[in-house]
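Each value in this text was obtained by applying a stated rule to the coordinates, not by laboratory testing. This one's a predicted model, so the numbers in the text were calculated from it and none came from an experiment.
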Ligand code: CO
């Protein structure tokens, strides 16, 4: 059902520092900083040959990243995103297998303008999984 790894998202407490770390220490090419107010995050993208890393920083008062950073002061891996061809059939398949989807079970439009769902981390080895229809 799942296809390519689309991205790994890392929540960071200091975006400038994280960008400098990836650019200057690891030698990666980092995008411009982008505010995504609808998602409550400011992001910078790192394009690797085979996938992307997204640095996530809280934006606004109700950012989904804030509570994560409160628990993980140094930042940490927030979620991984796998591609699927058909998000509704992936959802139905997972629900039939007793897996839990966060929120309403209906896909929302993710940070890349495509339909996404998030799967309950307790059902997946403690990892928050995002599914994105590509
Ligand atoms: Co994501």
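From its DSSP helices (H runs of at least four residues, each -39,500 (n - 2.57)), the chain gives a residue-normalised ellipticity at 222 nm of -4000 deg cm²/dmol. Between the helical axis of 87-96 and the longest alpha-carbon principal axis of the chain there is an angle of about 60 degrees. Only Cα pairs under 8 Å and 6+ residues apart enter the sum, and on that basis the relative contact order of region 5-133 stands at 24 percent. Value of Rg to Rh for region 10-117, rounded to two decimals, is 1.00; Kirkwood radius and Rg both from alpha-carbon coordinates.
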